[in-house]
Amino acid sequence: PAPLEWFPAWGPADGAARASALFAEAFGGAPAGVWAAPGRVNLIGEHTDYAGGLCLPVALPHRTYVALRPRDDGRVRLVSAQEPTPWEGELADVGPGRVDGWAGYVVGVAWALAGHLRADGAPGSGAEAPGPQMPGFDAAVDSCVPFGAGLSSSAALECAVAVALDELTGTGLGGDDEGRALLASLCVRAENEIAGAPTGGLDQASALRCRADHALLVDFGRGGAARHVAAALGDLALLVIDTRAPHRLVDGQYGARRGSCVRAAEILGVPALGVLADLDGVAERLRAAGDPDAEVLVRRVRHVVTENARVRQVAALLEEGRPADVGPVLTAGHASLRDDYEVTCPELDLAADTATAAGALGARMVGGGFGGSVLALVPRPAAKTVATAVAAAFAAAGFAAPAFLVAEPAGAAGRVDDVGTSEGDA
Ligand code: ADP
Ligand code: MG
C-alpha cells in the first residue's frame, strides 16, 4: 500500500522564514514582523456556535504565517504561497461584494478593524490626538494548515492578519482576552461580509483565544464567554483524518442548517436554540406550529440540544482527568451529526467507523461537514495502526487517499516571537 501522508506542523522559526522569504521576493526588503495564527480542531460542539450554544476547540500546532509591512498610502498588495493569484487594491475600495477570492479574508479584516476604529473614534474635541488609523500594507502569506479540510485555514489567515494590524496600528486589542474576543468578532465580520462565507465564530475564537495544552469552552449564548479547560490526554492522542472528500453542496447546506435553527427558535419562542436545557415538549410544539418541515426541525433541534449536553460532558470528563471516557461521547456526536443534523458524507462516516473499529476510543466528523476531517481519540501508540486501517478502507472504497495529523493543543495567534506564550487571560 502507498505510504501514509502526514501533515507536519512547521516550527515558528521555519514558518517565519518562509513568509519573510516570500515577502522579500514579492515586495523587496524585510517585513515589519511576522504574525501567525493556528487552525483548530473542535473536540465537540459542532454546528452550535450560530445556534447560541457551546463548543470546545483546541488550537493546532499548524499555523498560517503572515509577513506584513505597513505602507504610507492606502494601497494593499498581497501574495500567498497557497494561491497563484496575487491581489492589489485600495483599502478605501474594500466593501461587501467588492473583493473576489482569497484576498477577501485579508482585506476584510483591515476593513472590519478600520470600521471599529472609526466607530470607537478618537474623542471628538479636535484637541486630542487622533486615534489609531488603518494604513495600507504589503503582506505575504504561507501556511501549513491544511486547506479546506475543516481545520479552519480561513480563520487562521484572518486572525494572523488581525493580530498584525492590531499591533501595527497600536489598537491594542490583542493584549487581553476581552480584546481578543472583539478581534474575533471583527474577523467573523470580515469572513461573512467581505469574503462572503458564513461562519459562526468558533473558528476565530479558537485561533485568537486558545491556550497551549487546553481546550477552550466557549458559550455563544453568553456573547462568546470562554474558559480554558486543561486537556491532559495522558497516553491518548488526537488523530485528525483529512478525508479529502470533495465538498459537495456545502454552501447551501450550511445556510439551510442555520435557517432551520432560526426558524425553530422562532417557533419555540427562544432567542436561540442554545438556551434550551432539554427536549421536554420541544417536538410537540414544533409539530403543533404546522410547519411543513416540522420533522426536520425536530431532528435539527435535537442535535443542538444533545450536542450542548455533550460539550458539558466532555469538559467535565477532562476536568475530572478521565480523557478515555471522552471517546464514546465523540462517537455519539458523530451519530447526531449523521442522523439528526445530516451533514456527514460517505467518506466521513467510513473514516469515523473504521477508526473506532481499529482501536480508536471514539471518533467524529469536525467542521461544517460534507467533507473535511474526522477527529479520532486514540491510544498514542495506536495512531499509526488506526491511520493505516482508515487508508486501507478508503482505498477499498475507491476514495481518494486521506491524510493525517496529530493535534497537540497549541497556543493562540500572536507575533511569531511570542507564539506559544500568547494566550487569553480568561
Ligand atoms: P477551511 O476549513 O480550511 O477554513 P474554508 O473554505 O473556510 O476552509 O477556507 C479556505 C479558503 O480560505 C481558501 O479557499 C482561501 O480562499 C482562504 N485561505 C486559507 N488559507 C489561505 C492561505 N494560506 N493563503 C491564501 N488563502 C487562504
Ligand atoms: Mg473556514
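What follows draws every value from the coordinates through simple rules; no lab data is involved. Since the model is a prediction, treat every value here as computed from it, not as a measurement. Reconstructed Cβ throughout: ideal geometry from the backbone, glycine too, with neighbour counts over all protein chains shown.
Within the listed set 61, 409, 292, the residue fluctuating most in the Gaussian network model of the chain (springs between alpha-carbon atoms under 10 angstrom) is 292. For the range 158-220, a/c is not less than 1.5, where a ≥ b ≥ c are the root eigenvalues of the C-alpha gyration tensor, and a/b does not top b/c. That puts it in the oblate class. Label-to-label distance, residue 380 versus residue 30, with points set 7 angstrom from Cα along the beta-carbon direction: 3.8 nm.
When you restrict to C-alpha pairs under 8 Å that are six or more residues apart and normalise by the size of the chain, the relative contact order lands at 24 percent.
Round to the nearest 10 and give me the degree value, 0 to 90, for the angle of helix 294-319's Cα axis relative to the longest principal axis of the chain. The angle comes out at about 80 degrees.
Given their separation in residues at 0.36 nm each and the Cα-Cα distance between them, residue 335 and residue 90 gain 83.5 nm when the chain is fully extended. Counting every Cα pair in the range 1-43, what percent are over 13 Å apart? Roughly 66 percent, rounded to a whole number. The overall shape of the range 156-307 is prolate: from the C-alpha gyration tensor, with semi-axes ordered a ≥ b ≥ c, the ratio a/c is 1.5 or greater and a/b exceeds b/c.
Of the residues 46, 342, 307, the one that moves most in a GNM of the chain with alpha-carbon contacts below 10 Å is 342.
Normalised by residue number, the volume inside the convex hull of the Cα atoms of the chain is 148 Å³ per residue. Could you work out how far the C-alpha centroid of the range 54-95 sits from that of the range 169-200, in angstrom? When both Cα centres are located, 13 Å separates them.
The C-alpha atoms of the chain define a longest principal axis, and helix 177-189 lies at about 90 degrees to it. How far, in degrees from 0 to 90, does helix 12-27 lean away from the longest principal axis of the Cα atoms of the chain, to the nearest 10? Around 50 degrees separate the two axes.
Stokes-Einstein, applied to the Kirkwood radius of the range 132-245 over Cα pairs at a viscosity of 0.692 mPa s and 37 °C, places its translational diffusion at 211 µm² s⁻¹.
The mean sequence separation of alpha-carbon pairs under 8 Å and at least six residues apart, normalised by the residue count of the range 276-426, gives a relative contact order of 14 percent. Compared with the direct C-alpha span, the chain from residue 392 to residue 266 gains 40.8 nm at full extension, assuming 0.36 nm per residue. With the simple model of a label 7 Å out from the Cα in the direction of the Cβ, residue 277 to residue 289 spans 2.1 nm. Springs between Cα atoms under 10 Å define the GNM used for the chain, and in it the highest mean-square fluctuation of 363, 184, 283 occurs at 283.
Helix-only arithmetic for the chain: the sum of -39500 (n - 2.57) across DSSP H runs with n ≥ 4, divided by the residue total, places the mean residue ellipticity at 222 nm at -12500 deg cm²/dmol.
Which order do the peptides 346-352, 373-379, 333-339 come out in when sorted by mean C-beta neighbours inside 10 angstrom, highest first?
373-379, 346-352, 333-339
Among 323-332, 160-169, 139-148, the peptide with the highest mean count of other Cβ atoms within 10 Å heads the list, and the full ranking is 160-169, 139-148, 323-332.
Note on residue 322 and residue 13: the extension gain reaches 107.7 nm, defined as 0.36 nm multiplied by sequence separation minus the Cα-Cα distance.
Which of the peptides 235-247, 218-230 is most tightly packed, and how do the rest follow, judged by the mean count of other Cβ atoms within 10 Å per residue? Can you show the working numbers first?
On the way: 235-247: 21.3, 218-230: 17.8.
So the peptides 235-247, 218-230, ranked by packing, come out 235-247, 218-230.
Charges were assigned to the Cβ only: +1 to each Lys and Arg, -1 to each Asp and Glu. The resulting dipole of the range 1-127 about its Cα centre is roughly 220 debye. Using C-alpha pairs under 8 Å with a sequence gap of at least 6, the mean separation divided by the residue count of the range 1-129 gives a relative contact order of 18 percent.
Calculated translational diffusion coefficient of the range 1-139 (37 °C, 0.692 mPa s; Stokes-Einstein with Kirkwood radius over alpha-carbon pairs) equals 184 µm²/s.
Classification of the range 192-241 by its C-alpha gyration tensor yields an oblate form. The axis ratio a/c (a ≥ b ≥ c) is 1.5 or more, and b/c is at least a/b.
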